[in-house]
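The values are calculated or read from the model by the stated rules, or taken from the named source; none is laboratory data. Model, not experiment: these values are computed from the prediction. No Cβ is skipped: glycine too gets one built from the backbone with ideal geometry, and neighbour counts run over all protein chains shown.
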Amino acid sequence: MRTVEPRVDVRRDFSSGTGLAAIGALTIAAQRDLTDRVRAYPELFAGEPFDAALVGAVAYATACNATWATPADLRVANRAALWIFALDWQVDTLAVAVEQVDELVAGCLAVADGAVPDPGAPLAGFLADIRDELVAAPAYPEHASLWRAELGRTLAAMAREWRWKSARAAGDESGLPDVDTYLDAADNTGLAWVNLSHWLRTGERDCLDALDGLRGAGRQVQQVLRLVNDLATYDRDVAWGGGDLNVLMLGVDRNWVTGRIGELVDQCLDLLTPLHPGCPRQASYLARQLGFVTRFYGGGADFWGRL
């Protein structure tokens, strides 16, 4: 029997090359910039998971969100995303006492307030680099307190999860959150702060006028990211006794989580639809981000290297 080959639309394939080329060019430029940051802070990125693949994945993910952008447009977003990975490593893996976590949080908030970082604090130093580029952006002065508050939410959520997982590791599960409280702490992904940093850097007026709506939709994306990441990394979190708290440790199963992801995706798209006419690029940015995280983690991938 003759095999029927699928119809090939060569014109569509030809046209798609433009978008693929843009993603490739943005990824290459960002990877070079991020590699320079890794070299600038070798002690911050000394852990084995910080391999070239992680740097490349961060660059690629951001490029997929905004194929219309320039490398300069995405530099802050890429650096902020890489900084979040460094923060996560410092808190989740290296910190063994709550005092260490609190010291990291205080140091980062001081930088957000304009302090000069201690030369021996590379995490704060890298954050100061990001802050200093944003300070030069016209949109930053009006929204500096919002940027600081968003960073504070990320730091507070990471510290909260550190306390949850540390108590659990010690055999005390009495203080574990319910699922809704757990999702409220999805700021620990840092995604909302990264996105805000990006929008302040680009400074487009239509975006700034719609920040409240964009931030609301972005928090939905954060929660989806938290859940799809949990599904993808559950086995690792269980095997690695000191690993992250995972939603599947809170009395729900995979079917429930999958259903909740679907609800959140629908809610997020409903929020983005009315925003699109007024700020199309930013709404598309979040919609692409939502699609990327669901497909990336849904395929079993992970940003981290060996843990």
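Kindly evaluate residue 257 against the criterion of being at negative phi, out of contact with any Ser or Thr (no Cβ under 9 Å at 6 or more places or on another chain) and in a loop (DSSP other than H, G, I, E, B). I'd like the intermediate steps shown before the answer.
Values: at negative phi: yes; out of contact with any Ser or Thr (no Cβ under 9 Å at 6 or more places or on another chain): yes; in a loop (DSSP other than H, G, I, E, B): no.
Spelling it out, it is not the case that residue 257 is at negative phi, out of contact with any Ser or Thr (no Cβ under 9 Å at 6 or more places or on another chain) and in a loop (DSSP other than H, G, I, E, B).
Could you tell me how many of the residues in region 224-279 are aromatic (Phe, Trp, Tyr) and over 19 Å from residue 164 (Cβ atoms)? Explain how you work it out, then say what you get.
Just the residues of region 224-279 that are aromatic (Phe, Trp, Tyr), to begin with: 234, 240, 256.
If we keep only those that are over 19 Å from residue 164 (Cβ atoms) as well, we get 256.
Total satisfying the criteria: 1.
Is it the case that residue 217 is over 27 Å from residue 172 (Cα atoms) and either assigned to a helix (DSSP H, G or I) or touching a Lys or Arg at 6+ places or on another chain (Cβ under 7 Å) (or both)?
Numbers: over 27 Å from residue 172 (Cα atoms): yes; either assigned to a helix (DSSP H, G or I) or touching a Lys or Arg at 6+ places or on another chain (Cβ under 7 Å) (or both): yes.
Spelling it out, residue 217 is indeed over 27 Å from residue 172 (Cα atoms) and either assigned to a helix (DSSP H, G or I) or touching a Lys or Arg at 6+ places or on another chain (Cβ under 7 Å) (or both).
What's the number of the condition residue 24 fails, among (1) in contact with a helix residue (DSSP H, G or I) (Cβ under 7 Å, 6 or more places away or on another chain); (2) of a type outside the set (A, V, I, L, M); (3) modelled with pLDDT under 95?
The one condition residue 24 does not meet is (1).
Inside region 180-211, can you point out the residues that are among the acidic types (Asp, Glu) and more than 19 Å from the chain's Cα centre (by Cα)?
First, the residues of region 180-211 that are among the acidic types (Asp, Glu): 180, 184, 187, 204, 206, 209.
Answer for region 180-211, where residues must be among the acidic types (Asp, Glu) and more than 19 Å from the chain's Cα centre (by Cα): 180, 204, 206, 209.
Residues in region 142-191 that are in contact (Cβ under 8 Å) with a residue 24 or more places away in the chain and over 19 Å from residue 131 (Cβ atoms): how many?
Qualifying residue count, region 142-191: 21.
Consider region 132-158. How many of its residues are aliphatic (A, V, I, L, M) and surrounded by fewer than 18 Cβ atoms within 10 Å (Cβ to Cβ)?
Taking region 132-158 and keeping what is aliphatic (A, V, I, L, M), we get 134-137, 139, 144, 146, 149, 151, 155-158.
This time we only want the ones that are surrounded by fewer than 18 Cβ atoms within 10 Å (Cβ to Cβ), so: 135-137, 144, 146, 149, 156.
Within region 132-158, residues that are aliphatic (A, V, I, L, M) and surrounded by fewer than 18 Cβ atoms within 10 Å (Cβ to Cβ) number 7.
For region 233-247, give me each residue that is crowded, with 17+ Cβ neighbours inside 10 Å and part of a helix (DSSP H, G or I).
Going through region 233-247, the residues crowded, with 17+ Cβ neighbours inside 10 Å turn out to be 233-234, 237, 243-247.
Across region 233-247, the qualifying residues are 233, 234, 237, 247.
So which of 176, 208 ends up being part of a helix (DSSP H, G or I) and among the hydrophobic types (A, V, I, L, M, F, W, C)? Give the steps one after another, and end with the answer.
On the way: 176 fails: part of a helix (DSSP H, G or I).
Checking each option against the conditions leaves just 208.
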